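The values are calculated or read from the model by the stated rules, or taken from the named source; none is laboratory data. Only a predicted model underlies this, so the values are computations on that prediction, with no experimental measurement involved. All Cβ positions, glycine included, derive from the backbone under ideal geometry; neighbour counts span all protein chains shown. Note: accessible area is taken over every heavy atom of the protein model, side chains too, but ligands, DNA and RNA are not part of it. Shrake-Rupley method; radii C 1.70, N 1.55, O 1.52, S 1.80 Å.
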Protein chains: 4
Amino acid sequence: MTTRITPEETALVLIEYQNDFISPGGALHDGVKGEIDRTQMLAHTRDVVAKARQSGMKIVWSPILFAAGHPELGDAPYGVLGVVKGANAFLQGAWGGDQAEGFTPLPGDLVVSGKRGLCAFASTNLEFLLRHSGIRRVALGGFLTDCCVESTMRTAYEHGYDVVTLTDCVATLSRTQHDAAISYTFPMFSRPMTHQEFILESVS
Amino acid sequence: MTTRITPEETALVLIEYQNDFISPGGALHDGVKGEIDRTQMLAHTRDVVAKARQSGMKIVWSPILFAAGHPELGDAPYGVLGVVKGANAFLQGAWGGDQAEGFTPLPGDLVVSGKRGLCAFASTNLEFLLRHSGIRRVALGGFLTDCCVESTMRTAYEHGYDVVTLTDCVATLSRTQHDAAISYTFPMFSRPMTHQEFILESVS
Amino acid sequence: MTTRITPEETALVLIEYQNDFISPGGALHDGVKGEIDRTQMLAHTRDVVAKARQSGMKIVWSPILFAAGHPELGDAPYGVLGVVKGANAFLQGAWGGDQAEGFTPLPGDLVVSGKRGLCAFASTNLEFLLRHSGIRRVALGGFLTDCCVESTMRTAYEHGYDVVTLTDCVATLSRTQHDAAISYTFPMFSRPMTHQEFILESVS
Amino acid sequence: MTTRITPEETALVLIEYQNDFISPGGALHDGVKGEIDRTQMLAHTRDVVAKARQSGMKIVWSPILFAAGHPELGDAPYGVLGVVKGANAFLQGAWGGDQAEGFTPLPGDLVVSGKRGLCAFASTNLEFLLRHSGIRRVALGGFLTDCCVESTMRTAYEHGYDVVTLTDCVATLSRTQHDAAISYTFPMFSRPMTHQEFILESVS
């Protein structure tokens with residue numbers, strides 16, 4: 001990238017800030033509760049959203065959602081989508097699938113539609129939205145560090161975006177797993193930094 | 001394809017059976033009204049849906065939908081998406097974007113999410129849904145013959161599906177335009193046939 | 001697009017200027033010979049390539065190529081890929097698949113790899129090349145007006161590029177077919193213009 | 001997947017068995033040499049290729065290749081592609097980019113074309129080849145466990161394939177890094193198993 005990227009060409013892509021991950025009682029909350037607390041990633045996310053919005057960046061929310069019974073996943077999903085179906089998680093129109101309090105879109109934000117898999121590009125209109133808004137840099141936060149966030153990072157890098165991973169705005173099931181991703185794979189496919197470093201670099 | 005494709009491996013993909021195209025008062029209805037009447041494509045679609053459903057095929061509805069103001073399209077869309085925005089068409093949660101009467105999903109049907117462009121694969125979870133359901137053949141109907149239906153046909157062919165275009169279940173702005181697509185490009189990227197020929201071939 | 005697009009952000013994408021289409025004796029030459037002559041599209045292409053190169057645009061060549069026996073197409077391809085296999089066309093490493101005289105890459109040009117289908121994006125690294133070079137506008141020429149050029153145009157439009165179709169640098173099997181594409185579908189998915197209009201708009 | 005997948009519907013996808021990784025003197029060989037030795041992944045790969053070929057599976061080779069100077073990567077690539085360019089690795093037509101001895105395609109194998117990024121689907125015709133050959137299961141081996149192999153695994157899973165990762169046919173820069181991928185992310189997106197378990201399951 002030879003020319004400077006402006007805040008208007010930057011999108012903050014926020015992955016799965018939904019009750020089933022974030023809120024007590026959520027279908028998958030217990031698995032990530034400890035790491036949410038340890039990393040303080042919710043407070044960091046609120047901070048980066050406020051500052052990014054003020055600077056003119058595009059805020060993009062990317063929920064994962066299924067119809068009742070998860071018919072989108074076929075008869076016998078395996079792997080992580082099997083876990084999602086087994087937990088009956090992320091139902092569209094139900095509390096668990098809703099954006100958690102404090103993480104709901106404002107007018108002017110974009111909301112990704114179609115996400116039934118892990119990568120936020122794979123089954124959605126994210127690429128369409130970013131391209132038609134002239135976005136050249138994406139900064140990623142949300143869940144899980146090494147699952148949906150990482151898949152999205154990998155694809156964004158292949159698509160030629162300048163990819164920032166916000167290392168203090170992501171969480172997964174354990175600290176070991178979280179640290180492995182941030183140490184080993186994040187630097188291959190992105191420029192990892194804290195949310196404060198990101199704001200400093202992008203807005204100043 | 002060497003093995004016989006079963007009805008369970010076949011999907012009927014129905015593109016934009018929404019009020020803005022089909023119903024009097026719809027934002028783009030006047031442009032297609034004449035061809036809808038001439039081709040009788042609504043009656044043919046109802047017929048093929050009923051028979052396909054009965055045979056065990058997957059019914060897949062693919063609406064195009066936008067937030068108020070069409071923010072997904074950037075500041076100044078050109079071409080056909082500029083026309084869609086100019087007509088204020090296909091708003092999510094409004095009557096114009098709703099599926100038209102007689103063309104609403106039943107339990108067990110799949111509904112494509114994310115469509116903001118023309119090809120039903122390009123910004124959606126259609127491929128994800130088809131693959132996770134084990135689909136190998138797609139049959140296409142809807143609007144417009146040479147726009148969204150044709151883009152979807154072209155992509156489905158590249159993706160290796162056995163593609164059927166239902167020539168009496170599609171319509172566009174004029175007969176000349178409709179006939180040009182069906183004569184010239186449909187046979188390159190699909191096996192064009194009437195809905196009755198399709199049922200005869202697939203179900204018997 | 002709010003900011004002006006520079007020649008350095010523009011790519012001329014040239015589809016299938018190979019012996020099997022262009023040169024006497026080519027496997028598919030007889031089908032397009034008449035239209036190549038009528039449209040003078042080869043001379044126009046040479047002209048636009050020279051001027052685009054001089055202005056700093058990226059020149060991108062997109063051949064279609066197969067291994068001997070066309071194993072990439074499965075056992076029994078139908079539609080246009082069946083025709084390609086039937087004609088034994090576009091073999092890699094053979095004369096028919098080679099770029100025709102006058103249409104070979106120079107140092108600094110990019111050559112798309114992987115094309116086995118019709119759309120120049122569908123099975124290739126074209127998107128990767130364009131994105132990693134910072135391209136925002138693509139101008140399209142080559143074969144066939146309503147097959148590979150049109151599929152490429154449709155996908156480029158969905159991907160958010162500013163798409164120009166060079167109406168006097170494309171050819172297909174007949175004038176009727178050519179005119180139908182240029183009249184009906186090109187304006188939906190691109191800004192059609194002659195190569196002279198394109199140079200005037202882009203370079204001045 | 002409800003029906004049994006046959007060997008003919010299975011592809012062994014072999015990623016970057018090229019001199020620059022495998023052979024002494026290769027541009028990136030020193031970084032992976034220790035893990036190649038420890039895991040014995042080359043011997044395991046030779047074994048699984050022989051048995052897969054015999055059983056009727058499709059063998060698919062996926063090299064990564066660049067023109068001299070790596071023009072495909074833009075001016076200043078960052079992350080892992082910056083490392084590739086910095087090492088001047090994987091040049092097309094040069095020894096480093098060639099398939100290593102013992103890992104060259106035989107007649108009937110398929111060779112993926114276009115790979116300039118990490119995921120074997122992202123800039124290539126892999127999906128086209130798999131779909132047009134009717135493949136439903138992919139088994140993955142090669143380099144690096146947590147880079148190209150992992151990106152390919154993640155995408156194949158989203159595409160609805162039955163994905164097998166051959167845990168004793170992959171290697172990366174260190175054992176810690178290798179084990180982290182196999183423990184944490186491989187089970188999310190695949191069914192990890194040894195090459196012997198794979199042959200037993202698929203062929204018996």
Inset, instruction - Determine the alpha carbon to alpha carbon distance for each of B:K115/C:K115; B:K33/B:K58; D:K33/D:K58; C:K115/D:K115; B:K33/B:K85 and list only those over 18 Å. - result: B:K115/C:K115; B:K33/B:K58; D:K33/D:K58; B:K33/B:K85
Inset, instruction - Would you calculate the volume per residue, in Å³, of the smallest convex hull containing every Cα atom of the stretch C:7-203? - result: 109 Å³
Inset, instruction - In nm to one decimal, list the spacings between the D:G56 label point and its equivalents in the other copies, with label points set 7 Å along Cα to Cβ, shortest first. - result: 2.3, 5.9, 6.3
Inset, instruction - Would you mind checking which residues have amide H under 5 Å from A:A171's amide H? H placed 1.01 Å from N; only 5 or more apart, or other chain. - result: A:G142, A:T145
Inset, instruction - Please identify, among B:G142, B:G31, B:G96, the residue showing maximal mean-square fluctuation in a Gaussian network model of chain B using a 10 angstrom Cα cutoff. - result: B:G31
Legend entry - Radius of gyration and Dmax over the Cα atoms of the stretch C:132-185, both given in Å: 11.4, 38
Inset, instruction - Give a residue-ordered list of calculated ³J(HN,Hα) values for the stretch D:5-19 (Karplus: 6.51 cos²θ - 1.76 cosθ + 1.60, θ = phi - 60°; whole Hz; x for Gly, Pro). - result: 8, 8, x, 5, 9, 10, 10, 9, 9, 10, 9, 6, 7, 10, 3
Legend entry - Derived scalar couplings ³J(HN,Hα) [the stretch D:166-176; Karplus, 6.51 cos²θ - 1.76 cosθ + 1.60; whole Hz; x for Gly, Pro]: 8, 5, 9, 10, 9, 8, 9, 6, 8, 5, 4
Inset, instruction - Principal axes first, then extents: for the Cα atoms of the stretch B:12-78, list largest minus smallest coordinate on each axis, whole Å, largest first. - result: 45, 27, 18
Inset, instruction - Nearest to the axis that maps chain A onto chain B: list the chain A residue whose Cβ wins, with the distance in whole angstrom. - result: A:G114, 1
Legend entry - Diffusion coefficient, µm² s⁻¹, Stokes-Einstein with Kirkwood Rh over alpha-carbon pairs of the protein assembly as shown at 20 °C and 1.002 mPa s: 79 µm²/s
Inset, instruction - Calculate for chain A the 222 nm mean residue ellipticity that helices alone would give, adding -39,500 (n - 2.57) per DSSP H run of length 4 or more and normalising by residue count, nearest 500 deg cm²/dmol. - result: -10000 deg cm²/dmol
Inset, instruction - Give, as ranges by residue number, the residues of the stretch D:33-62 whose backbone N falls under 15 Å from the point 7 Å along Cα→Cβ of C:Q92. - result: D:59-62
Inset, instruction - Would you pull out the residues with amide H under 5 Å of C:N125's amide H, same chain only if 5 or more places away, H placed 1.01 Å from N? - result: C:S113
Inset, instruction - Give me the percent of DSSP beta bridges within the stretch B:7-203 that run antiparallel, rounded to the nearest 5. - result: 5 percent
Inset, instruction - Once the label point is placed 7 Å from Cα along Cβ, list for C:G69 the distances to the corresponding points in the other copies, in nm, shortest first. - result: 3.8, 4.6, 5.9
Legend entry - Neighbour cut-off at most 14 other Cβ (10 Å), DSSP loop, trypsin sites (Lys or Arg not before Pro), the stretch C:1-105: C:R4
Inset, instruction - Kindly report the accessible area of the stretch D:12-92 per residue (heavy atoms of protein chains, probe 1.4 Å, no ligands, DNA or RNA), in Å². - result: 37 Å²
Legend entry - Label-point separation, D:D75 to C:A43 (7 Å along Cα→Cβ), nm: 3.9 nm
Legend entry - Kirkwood Rh (inverse of mean 1/r, distinct Cα pairs), the stretch C:104-204, angstrom: 14.1 Å
Legend entry - For the stretch D:150-168 and the stretch C:105-150, distance of Cα centres in Å: 28 Å
Legend entry - Highest-MSF residue in chain D out of D:V83, D:V112, D:V164 [GNM, Cα springs under 10 Å]: D:V83
Inset, instruction - Using a Gaussian network model of chain A whose springs link C-alpha atoms within less than 10 Å, name the residue from A:V49, A:V111, A:V80 with the highest mean-square fluctuation. - result: A:V80
